[in-house]
Each structure stands twice: as C-alpha cells, then as structure tokens.
There are 2 protein chains.
Amino acid sequence: MTDLNPDIFKHIDPERRGTTSEEVIAQLREMIHRGDLRPGDRLPPERDLAKMLGVSRPTLRAGIRSLAAVGVLQSRQGAGTFVVKADGPPSLDSSPLRLMASLHGFTSAEMFEARQALEMAVAGLAAERATGDQMATMAEEVAGMFASLDDPEQFLVHDVRFHQTVAAASGNRILTSLMNMVATILFDTRIKTVKRATDLRESAEMHRHVYRAIREHDPEAARLAMSAHLSKAQMAWEAEADAPEGLLPEGNGSNGNGAGFSL
Amino acid sequence: MTDLNPDIFKHIDPERRGTTSEEVIAQLREMIHRGDLRPGDRLPPERDLAKMLGVSRPTLRAGIRSLAAVGVLQSRQGAGTFVVKADGPPSLDSSPLRLMASLHGFTSAEMFEARQALEMAVAGLAAERATGDQMATMAEEVAGMFASLDDPEQFLVHDVRFHQTVAAASGNRILTSLMNMVATILFDTRIKTVKRATDLRESAEMHRHVYRAIREHDPEAARLAMSAHLSKAQMAWEAEADAPEGLLPEGNGSNGNGAGFSL
DNA sequence: GGTTCAAATCGGTCATACCATTCTTCCTGT
DNA sequence: ACAGGAAGAATGGTATGACCGATTTGAACC
C-alpha cells in the first residue's frame with residue numbers, strides 16, 4: 001500500500017492523437033502493462049498527479065473514472081485512488097454484460113447456455129488438474145448441500161462455493177472470470193429458483209456426480225455431469241418463470257415478451 | 001436517430017444511497033434495462049440533461065463517462081451522446097481483460113486455453129444450428145484461405161472471418177462476445193505467427209475439417225477439429241515466441257468497430 | 001436545385017471554490 | 001506511560017462558470 005515514486009509519471013505530449021483524457025487513460029494503462037502500477041498501489045493525489053501530467057484535474061478525473069468503471073482503479077474519498085487489489089480470484093465486472101443483454105435482448109436461454117459451456121470447460125479442466133485440497137473442499141461443499149436440504153439459502157451458499165472451487169481447480173483464471181461474470185448475472189434468478197425447489201436432494205446428487213468425476217480425473221464425465229446439472233437447473237428455472245408468481249423486478253412494460261428477461 | 005422524450009428523465013432523489021454520480025449511473029442503467037433507452041438513441045445535451053436530473057454537469061459527465069468506458073454510451077464532440085448502436089454482433093470491450101491480465105500476470109497459455117474452450121463450445125453449437133447461408137460463408141472463407149496460401153495477411157483475414165461465421169452460427173451472442181473478447185487480445189500475436197507460418201496449407205486443411213464437421217451436423221467432431229486447430233496454432237505461436245514472455249501489446253482500445261476484430 | 005459558408009449546437013477542457021469523508025497526529029486524561 | 005479522542009490535514013466528490021473545438025444545420029448564394 002505504499003505510495004509511488006512520482007517520477008514515473010510523465011507529462012502528456014501536447015501533440016497527441018485523440019482527446020486529452022484518452023491520452024491520460026492510455027498513459028495509465030501503459031503503466032499498468034509495463035508494471036509501473038501494481039495491484040494495491042496508491043496513485044498520487046489528483047491535484048498533484050494532474051500537475052505531473054500537465055492536465056487539469058477534471059480531465060485527470062475523467063481518465064481515472066474510465067479506468068475505475070472497468071474495475072482497474074478504485075477511488076475512496078478521503079483516502080486516495082488505488083490500483084485494485086486482488087484478494088480473491090480476479091473478477092470482471094458483469095454490468096457491461098448485463099447492459100449488453102438488455103440492449104440487444106439477449107434471451108435467458110442464451111445466458112444459461114453460455115454458463116453451461118463455461119462451466120463444462122472448467123469442469124473438464126478441473127478433472128485434469130484439481131489438487132487434493134481442492135477436491136477436499138468440493139467434497140465438503142457437497143456434504144454441506146446434503147446437510148442443508150431444508151435450508152435453501154444455506155444450500156445456495158454451498159452451491160456457489162462448489163462451483164467456485166471447481167473453477168479455481170481448473171487453473172484458468174480467465175475462464176474463471178468469464179464464468180463468474182455470467183454466473184453473477186444469473187445469481188438473482190437462482191435465488192428464487194432454489195428457494196422453492198422441491199428437489200434440493202437431486203441437485204446435491206448431481207453435484208456429487210460432478211465431484212466424483214473430477215476425483216476420478218475423468219474430464220469427459222465431469223463435463224457431462226456438469227452439463228446435466230445445469231440443464232436441470234435451467235429447466236427448474238423455466239418452470240418457475242412460467243408460473244405467474246411474477247416477482248421479476250421489472251415492471252414496466254413493454255414488452256417483453258418473448259423470452260425476455262430482466263437482468 | 002431520433003431524440004428522446006425528455007419527460008422520461010427524472011430528478012435524482014436527494015436522499016440517495018451512494019454518491020451523486022453513482023446515482024446518475026444507476027438511473028441511466030435502469031432506463032436501459034427498462035427499455036427507455038434503446039440502441040441508437042441520442043441523449044439530451046449534457047447541459048439540459050444535468051438540469052433534468054438536478055445535478056451539475058461535471059457530475060453528469062462522470063456518469064456518462066463511466067457508461068462510455070464499458071461500451072454502452074458513446075459521445076461525439078459536436079454531435080451528442082448516443083446509446084451504442086449494434087451494427088454487428090455485440091462486442092464487449094477487451095481492454096478490461098487486457099488490464100486484468102497485466103495486473104495478475106495471466107499467462108499466454110491461459111489465454112490460449114480460454115480461447116480454445118470458447119471456440120470449441122461455439123463450434124459444437126454451430127454444428128447443431130448452422131444455416132445453409134452460414135455454412136456457405138464458411139466454405140467461401142476456407143476457399144479464400146486456400147487461395148491465399150502465399151499471402152499471409154489475406155489468409156488471416158479469411159481466418160478471422162471464418163471463426164466469426166462459426167461464432168455467429170452458434171446462435172449464442174454471449175459466447176460470441178466472450179470469444180471475440182479473448183480472440184481480440186490474441187490477434188496481434190496471431191499476425192506475427194501467421195506471417196511467418198510455413199504451413200498455411202495445414203491450417204487451411206484444419207479449418208476445412210471444422211467446416212465439414214459443422215456441415216455434417218456433428219458437434220463432437222466440430223469440437224475436436226476446432227480443438228486440434230487451435231492447439232496447432234498455439235504450438236506455432238510458442239515456437240515463434242520462445243524468447244519473449246511478455247504478451248499483450250497495447251492496442252487502440254475502445255470498441256468502435258462493430259466487427260470485434262480490428263483490421 | 002445544388003453548393004458553400006456562417007451561426008447555432010454540443011461535447012471537451014480548464015480554473016476555482018467548497019463540501020464530505022478519511023486519515024493522521026497530537027493532546028488530554030487516567 | 002499509555003490509551004482514547006478530538007482537531008486538523010489530506011483527499012476525493014460536487015458545483016459554477018467560462019471558453020474552445022468539432023459537428024451539425026440551415027440559409028444565402030451561385
């Protein structure tokens with residue numbers, strides 16, 4: 001969490017290509033790629049940094065805000081601006097995907113299918129690479145599911161942790177990030193589904209099948225087990241969605257229609 | 001594109017939760033989810049919109065900039081601010097993933113593996129759903145590759161278009177977006193690889209295998225053929241780049257073109 | 001009717017001031 | 001001497017106002 005050597009910041013070239021704020025973004029981005037800015041680093045105060053770069057504070061703030069919007073920087077009033085610290089698995093913001101979904105009318109079927117494809121991929125990789133500790137964690141979460149058959153909320157906690165463990169065991173942080181991105185969007189709908197699910201036991205069984213395939217280092221079996229599990233989950237969700245219990249946070253109108261769904 | 005009815009913009013509640021600009025973002029985002037803002041729509045001028053929302057212009061600009069950073073809005077000096085128009089397949093900005101890769105030291109192996117997983121998924125789906133037109137386009141691109149064996153740059157153009165056609169044939173725009181996101185990052189490295197590739201013919205052959213599997217509606221064969229193709233491509237790249245461990249040269253950033261790949 | 005140019009429009013940038021939150025430091029009281 | 005708290009400094013957040021440059025628009029002109 002140390003501050004940075006101010007010398008690494010250089011003035012913006014007046015004869016630049018695009019707008020001034022774009023040049024600020026480009027410079028900060030390049031410093032990240034070059035390794036001058038590392039996770040947890042604290043940037044100089046806006047007033048000072050603006051002086052160093054030779055731009056006004058609003059322009060600098062515009063650049064910082066753009067990088068903050070994509071999850072690279074984080075500003076805290078009174079504290080400073082920091083390069084995002086990676087404590088868990090790196091995560092990409094899902095709101096861009098959410099907005100794209102709304103703008104282009106992505107269907108829930110597409111969303112489920114994308115999640116299924118990603119989860120199958122990580123399950124297959126996990127079957128090849130999972131360590132003993134990771135498999136132990138999976139087993140614990142499966143056990144937790146069986147122990148929470150009468151507590152849907154707790155069940156969902158174990159469910160989520162199981163999938164995250166599988167993703168971590170895949171050893172591919174990019175696929176993990178993409179999977180989380182999609183899964184996050186579907187999370188709210190999962191809450192509602194799981195809460196009224198009559199067959200949590202069946203879900204737990206399917207998770208156990210995934211676990212066993214991974215333990216046996218059988219990628220294809222793991223992929224198929226994961227696929228079956230998610231297909232079942234999607235069917236359960238669709239059954240709920242048809243029911244007129246409309247708790248979709250939306251309202252409005254429009255249309256919706258068809259296969260629409262609010263993310 | 002038409003302007004909007006100003007009445008749909010409402011004042012920001014003074015007793016809000018987070019910061020003012022966050023509230024602006026939340027409101028704009030909700031309007032997109034609700035369908036009040038549609039692709040191609042033009043927002044009111046910043047000065048007017050700031051009045052309508054009851055915030056200052058810098059605060060409004062902060063919100064707009066955040067949404068522009070994730071590719072939802074686009075401002076053009078002198079023209080106005082627009083909701084991004086979907087001319088091609090919707091595309092997510094790849095720079096966040098690029099930055100995450102630099103910050104967390106993602107390896108090129110992970111990147112290739114993620115691309116391989118996504119391409120396999122879309123290839124399998126394409127084998128199930130590709131239309132006649134789409135298969136015809138694929139065949140044309142394969143033919144174009146064979147016709148460009150002595151012109152690596154032209155070969156790469158057909159290569160990219162082939163993969164995009166397959167992705168489009170998958171019918172899943174989310175997977176397509178994610179795939180483009182990863183593929184874009186690897187694009188510059190592909191240029192270098194393909195330029196010195198000694199066996200473009202073999203690459204073209206492998207693309208043809210993918211095409212044939214899709215034409216025969218054989219998902220598993222399509223997945224395997226695509227996997228083999230990308231494994232080969234990765235090996236070729238690794239052979240070229242033994243020395244440098246660095247990846248991720250900085251690109252233009254920003255979305256812009258509807259194609260996803262910047263050529 | 002088509003072209004050109006000037007005015008209006010609109011986002012980009014800058015300067016400045018003040019507010020809200022957080023951090024630091026020093027003082028106070030035990 | 002030490003712990004607690006309060007005052008001040010540091011820092012990001014917001015607001016106001018102005019000017020610039022790019023774009024659009026429309027009217028005048030050919």
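The values are calculated or read from the model by the stated rules, or taken from the named source; none is laboratory data. Small disclaimer: the values here were computed from a predicted structure and weren't measured. Positions of Cβ are backbone-derived with ideal geometry, glycine not excepted, and every protein chain shown enters the neighbour counts. For accessibility, only protein heavy atoms count, side chains too; no ligands or nucleic acids. Shrake-Rupley method; radii C 1.70, N 1.55, O 1.52, S 1.80 Å.
Quick notes on this structure:
- Delta accessible area of at least 50 Å² on complex formation, residues of the range A:16-60, 1.4 Å probe, chain isolated as reference: A:ARG29, A:HIS33
- Size-normalised alpha-carbon gyration radius of the range B:95-136, reference 2.2 N^0.38 Å: 1.65
- Largest to smallest accessible area among A:THR131, A:THR165 [probe 1.4 Å]: A:THR131, A:THR165
- Taking θ as phi - 60° and the Karplus parameters 6.51, -1.76 and 1.60, the scalar couplings of the range B:169-176 work out to 5, 5, x, 10, 6, 6, 4, 4 Hz in sequence order, x denoting glycine and proline.
- Under the Debye formula (equal points on every Cα, no solvent term), log10 I(q)/I(0) of the range A:67-125 at q = 0.12 Å⁻¹: -0.48
- Using the empirical formula 2.2 N^0.38 Å as the baseline, the Cα radius of gyration of the range A:107-159 reaches a ratio of 1.39.
- If R0 is 25 Å, the Cβ-Cβ spacing of B:PHE146 and B:GLU220 corresponds to a FRET efficiency of close to 0.45.
- Isotropically averaged projected area of the range A:161-227, using the convex hull of Cα atoms (one quarter of hull area), nm²: 4.7
- B:LEU73 long-range amide H proximity, modeled H, under 5 Å: B:ALA68, B:VAL84
- Protein heavy-atom accessible area occluded, A/B pair - total, 1.4 Å probe, Å²: 4900
- In this rough spin-label picture, where each label sits 7 Å from Cα along the Cβ direction, the B:ASP48-A:GLU238 distance is 4.5 nm.
- Ellipsoid semi-axes in whole angstrom, largest first, where each is sqrt(5λ) of the Cα gyration tensor of the range B:80-203: 24, 21, 15
- For the range B:16-71, the equivalent ellipsoid derived from the Cα gyration tensor has semi-axes of 17, 13, 11 Å, listed largest first.
- Between A:ARG38 and A:SER75, the modelled labels are 2.6 nm apart [label points 7 Å from Cα along Cα→Cβ].
- To put it simply, the accessible area of the range B:157-228 at a 1.4 Å probe is 53 percent carbon and sulfur.
- Distances in nm from B:GLY80 to the matching label points in the other copies, shortest first (labels 7 Å along Cα to Cβ): 4.3
- A:GLY171 long-range amide H proximity, modeled H, under 5 Å: none
- Note that the range B:200-208 has calculated 3J(HN,Hα) couplings of 5, 4, 5, 4, 4, 4, 5, 4, 5 Hz, one per residue in order, obtained from phi through the Karplus relation 6.51 cos²θ - 1.76 cosθ + 1.60 (θ = phi - 60°); glycine and proline are x.
- Per-residue packing, averaged as other Cβ atoms within 10 Å, sorts the ranges A:36-46, A:53-63 into the order A:53-63, A:36-46, beginning with the highest.
- Taking all Cα pairs closer than 8 Å and separated by 6 or more residues, the relative contact order of the range A:75-218 comes to 36 percent.
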